[in-house]
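The values are calculated or read from the model by the stated rules, or taken from the named source; none is laboratory data. Predicted model only: the values in this text are computed from it and were never measured. So basically every Cβ, Gly included, is an ideal-geometry build from the backbone, and we count neighbours across all protein chains shown. Each accessible area value is taken on the protein alone, full model and side chains, heavy atoms only, with ligands, DNA and RNA left out. Shrake-Rupley method; radii C 1.70, N 1.55, O 1.52, S 1.80 Å.
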Amino acid sequence: SQELEQSPQSLIVQEGKNLTINCTSSKTLYGLYWYKQKYGEGLIFLMMLQKGGEEKSHEKITAKLDEKKQQSSLHITASQPSHAGIYLCGAAVAGGTSYGKLTFGQGTILTVHP
Amino acid sequence: GAGVSQTPSNKVTEKGKYVELRCDPISGHTALYWYRQSLGQGPEFLIYFQGTGAADDSGLPNDRFFAVRPEGSVSTLKIQRTERGDSAVYLCASSGSNEQFFGPGTRLTVL
């Protein structure tokens with residue numbers, strides 16, 4: 001079965017600093033999803049990557065999928081307290097979510113100090 | 001509606017009782033997923049519907065868990081003879097293409 005490993009498990013940064021969260025898969029990724037979750041709330045969709053080498057950005061958050069499609073990184077530039085939360089990567093098991101389910105990493109807890 | 005909704009937001013029950021959790025997906029989304037999330041963990045897949053049928057129920061932990069989607073829209077997750085180990089946040093998601101959108105979840109506590 002597919003396994004996703006996120007690193008670091010937790011991260012504490014000062015406001016304004018850049019940071020990176022990694023997600024490594026044991027198998028080739030057909031689709032890689034990044035979500036953000038606040039404690040006690042549902043998952044907020046951030047980005048989805050499918051092609052090797054693909055990179056997407058939304059506001060100050062950039063996600064990349066490496067060429068071999070086994071690792072993704074999420075980079076936040078000039079972090080703000082509003083970026084705090086749990087970041088989860090999820091992998092499509094086969095051929096996109098229309099055909100299957102997502103397997104998730106354990107999450108990275110981000111704290112941003114003002 | 002604008003997003004995926006789930007009811008109730010919180011459910012406290014006693015061991016051995018029956019519970020039903022409801023999910024209202026985004027209008028027009030044919031795919032619907034149920035996940036379960038324990039504290040400090042990522043969501044774990046339970047079951048996936050494409051239309052009215054369960055296309056993949058391999059994540060259901062045992063036969064106490066059952067889900068239906070009779071009209072291809074709203075889905076209900078049913079848990080019989082609840083156990084303390086069933087306590088978790090139950091998340092529902094729907095998808096119209098490749099993106100998958102989640103609801104706020106139902107926090108189930110079994111005493």
Per q in 0.14 Å⁻¹, report the Debye log10 I(q)/I(0) for the protein assembly as shown, using one uniform scatterer on each alpha carbon and no solvent. -0.86
Report the Stokes-Einstein translational diffusion coefficient (µm² s⁻¹, integer) for chain A, Rh taken as the Kirkwood radius over Cα pairs, at 10 °C with viscosity 1.306 mPa s. 113
Let's test the formula: R0 of 25 Å, r as the Cβ-Cβ distance of residue B:76 and residue A:27. What FRET efficiency results, to the nearest 0.05? 0.15
FRET efficiency, 1/(1 + (r/R0)^6) with R0 22 Å, evaluated for residue A:82 and residue A:45 via beta carbons: 0.85
How would B:63, B:86, A:66 line up by accessible area, probe 1.4 Å, largest first? B:63, A:66, B:86
When the C-alpha atoms of region B:1-93 are aligned to their principal axes, what extent does each axis show, in angstrom, from largest down? 36, 25, 24
